[in-house]
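Since the structure comes first, as structure tokens, the remarks are kept for the end.
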Amino acid sequence: MVIVMQAHASEPEVAALIAKIESLGFTAHVSAGSERTIVGVIGDERPIEPVVFEAFPGVERVVRILAPYKLASREFHPADRVIALPNGVRLGGGQDVVVMAGPCAVESQEQLEAAAEAVHAAGVRVLRGGAFKPRTSPYSFQGLGEKGLLLLREVADRYGMAVITEVITPEDVPMVAEHAEILQIGARNMQNYKLLRAVGDADRPVVLKRGLGSTVDELLQAAEYILARGNDRVALCERGIRTFETATRFTLDINAVPVLKHATSLPVVVDPSHATGRAEFVRPVALAAVASGADGLLVEVHPNPPEALSDGAQSLTPAAFAHLMGDVGRVADAVGRGADGTDA
Ligand code: PEP
Ligand code: MN
């Protein structure tokens with residue numbers, strides 16, 4: 001951290017600042033120029049906030065040198081991290097594209113069965129489906145709860161698929177972890193720190209979705225909460241953010257893919273379904289994500305979208321999904337990547 005003093009900062013002001021720096025266990029490096037004095041804070045600055053020094057008399061501004069997250073940074077862990085699932089799927093590493101697909105919400109045995117059969121036939125090895133739904137309206141379908149988890153487990157096992165499903169409260173984490181290989185943290189819960197700590201304590205990989213109004217930096221700091229509890233199997237998911245644009249449900253921040261790949265070695269996933277909100281836009285956006293280096297995709301598929309209890313407008317039919325999977329393979333090939341993600 002570098003602290004730039006105001007032009008007329010007095011010597012006692014600089015001395016008081018140095019005393020504060022040293023009281024926090026850091027070393028101060030003073031560089032007195034002809035017009036300005038600059039004070040370097042030597043040591044791992046990540047645990048402290050710039051505001052600690054900003055209020056001191058004579059301070060003009062405080063500039064961070066290190067990112068506010070450590071465990072999540074590529075600097076700390078240079079090699080791409082790979083999340084290996086029990087069924088042989090490997091998420092991360094920038095080569096294979098792992099497609100996780102299924103309905104927005106588990107609605108019934110028949111619906112889940114039809115969706116699972118379709119995505120499995122198209123090559124999917126990770127089944128998605130919400131049992132606990134964080135809906136904007138309290139009157140919308142809230143999910144089947146534990147019954148939904150049991151259905152996911154049973155159907156996925158029949159096809160040798162892993163399960164990814166959302167957990168919305170810390171208390172539910174052990175129950176969801178019992179039935180699913182991957183815990184999903186939804187966009188609306190990205191900064192639910194109690195929940196982040198709870199999944200950080202779970203022995204399960206986590207897909208952490210970016211909040212709809214959150215920066216990449218805030219996403220990485222949210223991931224840091226999970227990593228700091230000892231769970232290093234975290235993937236980050238870009239699922240669209242709120243902008244002034246209303247033509248689509250959200251706006252996919254495609255920049256986030258290379259930006260995250262640069263900042264962290266954690267796997268990066270893109271959700272083109274929530275990002276666009278419209279089934280007809282899912283394919284092109286999914287392909288852009290593959291071309292930009294995403295390690296995985298999270299795609300909503302429903303056997304009968306007009307009848308879906310949630311997110312029908314953005315859900316692909318089985319036929320549209322099969323078409324997408326073929327294109328994912330071709331784009332992955334074109335950019336020198338594989339389209340499968342299994343070592344089986
Ligand atoms: C979902 O995956 O069904 C979901 C609710 O996504 P998000 O948290 O990104 O809105
Ligand atoms: Mn959904």
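Every number here is computed from the coordinates shown, using simple stated rules; none is lab data. Please read all numbers here as calculations on a predicted model, not as lab measurements. When we count neighbours, we look across all protein chains shown, and the Cβ atoms used for this are built from the backbone with ideal geometry, even at glycine.
Per-structure values
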quantity: Kirkwood-Stokes translational diffusion coefficient of segment 2-63, alpha-carbon pairs, 20 °C, 1.002 mPa s, µm²/s; calculated: 187
quantity: Over the chain, relative contact order from alpha-carbon pairs under 8 Å, at least 6 apart, %; calculated: 18
quantity: Shape category assigned to segment 149-248 from the gyration tensor of Cα positions, a/c cut at 1.5; calculated: oblate
quantity: Estimated translational D of segment 195-273 in µm²/s (Stokes, Kirkwood radius over Cα pairs; 37 °C; 0.692 mPa s); calculated: 254
quantity: Using alpha-carbon coordinates, inclination of helix 11-23 to the longest axis of the chain, degrees; calculated: 50
quantity: DSSP bridge pairs, the chain: antiparallel proportion in percent, nearest 5; calculated: 40
quantity: Partner aspartates and glutamates for Lys70 [C-alpha distance under 18 Å; skip if fewer than 8 residues away on the same chain]; calculated: Asp44, Glu45, Glu49, Asp80, Asp217, Glu218, Glu224, Asp232
quantity: Simple Cβ-charge dipole of segment 82-334, Lys/Arg +1 and Asp/Glu -1, about Cα centre, in debye nearest 20; calculated: 360
quantity: Helix-only mean residue ellipticity at 222 nm for the chain, each DSSP H run of n ≥ 4 adding -39500 (n - 2.57), per residue, nearest 500; calculated: -10000 deg cm²/dmol
quantity: Relative counts (whole %) of C-alpha pair distances in segment 1-137, using bins that are 10 Å wide; calculated: 10, 25, 16, 13, 14, 15, 7, 1
quantity: Label-to-label distance, nm, for residues given as Ile65 and Arg158 (7 Å Cα→Cβ offset); calculated: 6.0
quantity: Interchain or long-range residues, amide H under 5 Å from Val99's placed H; calculated: Arg125, Leu297
quantity: DSSP-assigned coil residues among chymotrypsin sites (Phe, Trp or Tyr not before Pro) in segment 177-251, each with at most 12 further Cβ atoms within 10 Å; calculated: Phe244
quantity: Arg36 paired with Ser140, simple spin-label distance in nm, labels 7 Å along Cα-to-beta-carbon; calculated: 4.8
quantity: Under-5 Å amide H pairs with Gln184, H placed in peptide plane, nonlocal only; calculated: Thr165, Glu166, Val167, Val207
quantity: Under the Debye formula (equal points on every Cα, no solvent term), log10 I(q)/I(0) of the chain at q = 0.09, 0.15, 0.16 Å⁻¹; calculated: -0.52, -1.15, -1.29
quantity: Within the chain, longest stretch clear of exposed GluC sites (Glu not before Pro) (DSSP loop, no more than 13 other Cβ within 10 Å); calculated: 76-244
